[in-house]
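Written below as structure tokens is the structure these notes are about.
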């Protein structure tokens, strides 16, 4: 019996690997089809190069920007701004979301204000941030922090409040201390919601980065895009857009990988074949 189970493990691992590679293959079909059609349309001259440069031209521009070091310089600054804003906004969101979710007193005092602020668009507070903090790095980081705060706050709060009350009753019978309730009961149960909040906050951080880099910036991928637009360098604009998409996807994939490792004890519906 034990030998049979041992033999089944590598087979199961092989099946998972095949499914993963098959999923990647299927995911590439549509982008490749779009790129082929795009190249054909661009090469035929039906559309102006200024309006829609060919994929090969975009790749060539991408390569030139990498070789010159311009792209890496802009990308490093953008990653720093997005990471600093996310860590600041996300850190505060985790603390407040946990306090409000765990305590009715904190909920009464803080949550109404948080829910009101959540409805204010980032673009609406941009002029205020410029007036308060100027056009330095601080205003950009704070704007990203403001935008990335709310998805993680709401998901942390909802994750804690979605913990099954029956588990609390069991913890009460077992005489768990408050610390043990938090570490053994609340955090494991709310972790799925918190990780979803992190994914959403990271996405919002990248979206708000573009707005932040329009605030009198002289560096960053967002600035590079706006500078290219002024000189009608559409291929350079596409390079910036692709960079945002690729880095955003990589950060999202890292969080999803973290989800799989931390939540492997959960058995969730994964869709039908």
Q) So which of 11, 67 is out of contact with any helix residue (DSSP H, G or I) (no Cβ under 9 Å at 6 or more places or on another chain), at pLDDT 90 or above and exposed (fewer than 11 other Cβ atoms within 10 Å of the Cβ)? A) 67
(Q) If I filter segment 119-132 for residues that are touching a residue at least 24 places away in the same chain (Cβ under 8 Å), farther than 30 Å from residue 235 by Cα and assigned to a helix (DSSP H, G or I), do I get at least one hit? (A) yes
Q: Tell me, please, whether a residue that is surrounded by fewer than 15 Cβ atoms within 10 Å (Cβ to Cβ), farther than 30 Å from residue 56 by Cβ and free of Cβ contacts under 8 Å to residues at least 40 places away in the same chain can be found in segment 235-246.
A: no
Q. Would segment 174-181 turn up any residue that is under 17 Å from residue 262 (Cβ atoms) and part of a helix (DSSP H, G or I)?
A. no
Q) Within the bounds of segment 133-149, is there any residue that is at pLDDT below 85, assigned to a helix (DSSP H, G or I) and either touching a strand residue (DSSP E or B) at 6+ places or on another chain (Cβ under 9 Å) or closer than 17 Å to residue 99 by Cβ (or both)? A) no
Q | Set 152, 135: member being out of contact with any helix residue (DSSP H, G or I) (no Cβ under 9 Å at 6 or more places or on another chain) and closer than 30 Å to residue 79 by Cβ | A | 135
(Q) Going by what's in this entry, would residue 254 be described as farther than 30 Å from residue 56 by Cβ, touching a residue at least 40 places away in the same chain (Cβ under 8 Å) and part of a helix (DSSP H, G or I)? (A) no
Q | Matching option when the condition is under 23 Å from residue 220 (Cβ atoms) and buried (at least 16 other Cβ atoms within 10 Å of the Cβ), among 54, 78, 42, 60 | A | 78
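Residues are listed down the side, and each one gets a yes or a no for (1) free of Cβ contacts under 8 Å to residues at least 40 places away in the same chain; (2) out of contact with any helix residue (DSSP H, G or I) (no Cβ under 9 Å at 6 or more places or on another chain); (3) assigned to a helix (DSSP H, G or I); (4) buried (at least 18 other Cβ atoms within 10 Å of the Cβ):
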{"position": "160", "(1), (2), (3), (4)": "no, no, yes, yes"}
{"position": "163", "(1), (2), (3), (4)": "yes, no, no, yes"}
{"position": "167", "(1), (2), (3), (4)": "yes, no, yes, no"}
{"position": "170", "(1), (2), (3), (4)": "yes, no, yes, no"}
{"position": "186", "(1), (2), (3), (4)": "no, no, yes, yes"}
{"position": "198", "(1), (2), (3), (4)": "no, no, yes, yes"}
{"position": "204", "(1), (2), (3), (4)": "no, no, yes, yes"}
Q. Are any residues in segment 87-103 within 12 Å of residue 157 (Cβ to Cβ) and in a helix (DSSP H, G or I), and if so, which ones?
A. 93, 94, 95, 96, 97, 98, 99, 100, 101, 102
Q) List the pairs whose first member sits in segment 207-224 and is touching a residue at least 60 places away in the same chain (Cβ under 8 Å) and on the phi > 0 side of the Ramachandran plot, whose second member is part of a helix (DSSP H, G or I) and surrounded by 18 or more Cβ atoms within 10 Å (Cβ to Cβ), and whose Cβ atoms are under 7 Å apart, counting only residues at least 6 apart or on separate chains? A) 220/74; 220/77; 220/78; 220/81
(Q) residue 190 - would you say it is in contact (Cβ under 8 Å) with a residue 40 or more places away in the chain, in a helix (DSSP H, G or I) and within 12 Å of residue 244 (Cβ to Cβ)? (A) no
Q: Report, by residue number, each residue of segment 41-67 that is more than 17 Å from residue 238 (Cβ to Cβ) and part of a helix (DSSP H, G or I).
A: 67
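The values are calculated or read from the model by the stated rules, or taken from the named source; none is laboratory data. No experiment lies behind these values; they were computed from the predicted model shown. So basically every Cβ, Gly included, is an ideal-geometry build from the backbone, and we count neighbours across all protein chains shown.
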